[in-house]
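Read the structure below first, then the notes.
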Amino acid sequence: MVTKVNNKRKEEIKIDKNLHIKIFESMVKARLFEEKQLQLYHEAKIMGYLHPGIGNEAAEAGIVAALRNDDIIYPTHRGHGLFAMRGADMGKVLAELMGRSDGYCSGLGGSCHLAAPQVRQVQGILGAQIPLAVGEALAINLLGEKKVVLCTFGDGAANNGTFHEGLNMASIWKLPVVFVCVNNLYAVAFSFSNSTSVKSNAIRAKGYSMPGYDIDGTDYEKVYKTVKAAADRARNGQGPTLIEVKTTRVKGHHPNDSGSYRSKEELEAVKKADPIKKAARKLMRLKILDKNKIDKIYQKTKKNIEDAVTYANNSPLPSVDEFIRYCEQTI
Amino acid sequence: MKKINYRDALKEALIEEMDRDDKVCIIGEDIGVYGGSFKVTLGLIEKYGPKRIIDTPISENAIIGAAIGAAMHGMRPVAEISFIDFITLAMDQIVNEAAKISAFSPGLYKVPLVIRTQCGIGRGIGGHHEQSLEAWFVHIPGLKVVMPSTPYDAKGLLKTSIRDDEPVVFIENKKLYPIEGEIPEEEYLIPLGKADVKRKGTDLTIISTSFMVHESLEAAAILEKEGISVEVIDPRTLVPFDKNTVINSVKKTGKVLIVHEAVKRGGVGGEISAIIAEEAFNYLTSPIFRLAAPNIVIPYNYSLDKYCIPGVEDIVLKVREILKK
């Protein structure tokens, strides 16, 4: 059974007006940044793969807001919203996706291996990040630090053996990890209901003696409160938590995937569940933002993204000499 | 100098490095109270406690993954995979994560990790516990591969491997643990990428690895009585590989025999012979020969071991054949 959200604990965690705005701004930033990435991909400026994460913004913004700056986040391959939300320089992220030498990884990481000081490296092998996160949490305990590791992975990766090995280890050692399964209901084209033995990965938490929460990943407030409580718990030495956030995959698996395996009705429902529209409606209802203020957020973000594009466009491709120098460092 | 066996030499290296640097920790299956399958870590849990000597469930992929994560967080873990045969379960973390994390993000993340494991026939436990799989790791850019044959090399190379900032696959051999040798009383390190000429000679060069170094030395002693002077080179580290020592020897002898315990097909012997052919062809006075395991699955039945790996007699016969004596 999924652990029931402790309402009392949830009530204690509040979101003030500024945090509401901050989270909304970071959702808009991720969305517009990703839309720009898609455009650059279709213009053949982004090299290699790209896996749009449009639809994950509320989940990711809630996660980022719930953690401290010195906590550690492991990303998935899908969408690079976490990087922008966590304050990574969008110019350096774009430069990386475009294979430019001013990218965070000197143009050698790209989308499938993107890394920055603010967010750990994307693993092109899905689910490979789970044991890595466990190991960082082990080091945190050994060094006596008070940090938390938050490890995201998709519903597809949750069926990999790393999930079982990693969650068991984190549980027996009571490590400060928050596992977040970002469930967009598809592993490439294989639907969650066909791929997975349970209705929610949160149910699997019971097998690892840790709390499991199944929450609406299009509701940033629920994500924020649940992750915050789990992070506090981890920081207090009470061990790991598994949270499944159900999101929507607005786009295909990759930019050229038309999604022919999804019904029209489903795609309509996905559009309606757009987390950003949902957040905007809520913030207007709460009178925290109005249309004018929202427009300003969009305008400001667009300007920042254009600056990032200019920065990336102006950055050169790495020279072969530069590449060989890096290779020699690693044999 | 003092006499010590291979097992204790490894333990001394671990103790010295753990005393020197509190970021060094050991992680693996039954390495604590049980002391590891070959007792290399016996007693360390009493000395350093369960925080630094970390017993794990049977989860090879997560052992290596957790060690990588800890390494990225500033630790210097020594992960133990008790039999190299079990390393198949951790190949993703070794090949796709450990070997590639720093290459994908130069300057951002490093993986200072040592994976200690052991290979080889010798206990009648068959093909799930006795394979020699070093060639797999030699094939992967981003990994260093160390294969020491003596207590002296084992200690010096393990200490250097622990201090290295890149992942190192450190492969021992179950037949080596009781072998004794001399090591200095004082601390010493051996650089990676430096072969050792274990015996000087002029007629033929044997390049051998791990336990086969001892078989080759014994063969060389027998051949000496017949007036045949054999040079025995132990590369010690397969990556980086010390080409110069090998090529200089070939220039002198013109004849080469490569000996290893792993299967011949796709083994490191092929790589070494290709290096010699490419870089010292004009010095060769005969073809390059290899002695290695036949292409068979290792049986548990140790009465057949003699057929499964090369031994002293095979080496002696092969050298006589090459020299037509």
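The values are calculated or read from the model by the stated rules, or taken from the named source; none is laboratory data. Model, not experiment: these values are computed from the prediction. Every residue, glycine as well, gets a Cβ built from its backbone with ideal geometry; the counts of neighbours run over all protein chains shown.
Remark: pairs (first residue in the stretch B:54-81, at the interface with another protein chain (Cβ under 7 Å from one of its Cβ atoms) and in contact (Cβ under 8 Å) with a residue 40 or more places away in the chain; second residue part of a strand (DSSP E or B) and basic (Lys, Arg); Cβ separation under 9 Å; 6+ apart in sequence or on different chains) = B:70/B:76. Residues that are outside any helix (DSSP H, G or I), at pLDDT 95 or above and farther than 22 Å from residue B:55 by Cβ do not occur anywhere in the stretch B:79-88. The single residue among A:303, A:293 that is in a helix (DSSP H, G or I), under 28 Å from residue A:99 (Cα atoms) and among the basic types (Lys, Arg) turns out to be A:303.
Those strands (runs of 3 or more DSSP E) of the stretch B:199-251 in which 3 or more residues are farther than 17 Å from residue B:314 by Cβ occupy B:230-234, B:237-239. The condition (being more than 14 Å from chain B (Cβ to nearest Cβ), loosely packed, with under 14 Cβ neighbours inside 10 Å and farther than 27 Å from residue A:105 by Cα) is satisfied by just one residue among A:279, A:269: A:269. Just one of (1) assigned to a loop (DSSP other than H, G, I, E, B); (2) out of contact with any Leu (no Cβ under 8 Å at 6 or more places or on another chain); (3) over 24 Å from residue B:279 (Cα atoms) fails for residue B:194. It is (3).
Any idea which of A:63, A:15 is under 21 Å from residue A:233 (Cα atoms) and at pLDDT 95 or above? I'd like the intermediate steps shown before the answer.
On the way: A:15 fails: at pLDDT 95 or above.
On inspection, the qualifying residue turns out to be A:63.
Within the span defined as the stretch A:147-160, one or more residues are among the hydrophobic types (A, V, I, L, M, F, W, C) and in a helix (DSSP H, G or I). Scanning the stretch A:111-134 for residues that are at the interface with another protein chain (Cβ under 7 Å from one of its Cβ atoms) and either free of Cβ contacts under 8 Å to residues at least 12 places away in the same chain or closer than 19 Å to residue A:49 by Cα (or both) yields A:113, A:115, A:121, A:123, A:125, A:128. Of the candidates B:74, B:36, B:49, B:43, the single residue that is buried (at least 20 other Cβ atoms within 10 Å of the Cβ) and at pLDDT 95 or above is B:36.
If you check residue A:260 against the conditions, is it small (Gly, Ala, Ser), in a helix (DSSP H, G or I) and surrounded by fewer than 19 Cβ atoms within 10 Å (Cβ to Cβ)? No.
Every test in (1) in contact with a strand residue (DSSP E or B) (Cβ under 9 Å, 6 or more places away or on another chain); (2) touching a residue at least 40 places away in the same chain (Cβ under 8 Å) is passed by residue B:90 save one, and that test is (2). Of everything listed in (1) among the small types (Gly, Ala, Ser); (2) in contact (Cβ under 8 Å) with a residue 24 or more places away in the chain; (3) more than 30 Å from residue B:23 (Cβ to Cβ), the single unmet condition for residue B:161 is (3). Of everything listed in (1) away from chain B (no Cβ under 11 Å); (2) under 22 Å from residue A:70 (Cβ atoms); (3) buried (at least 24 other Cβ atoms within 10 Å of the Cβ), the single unmet condition for residue A:95 is (2).
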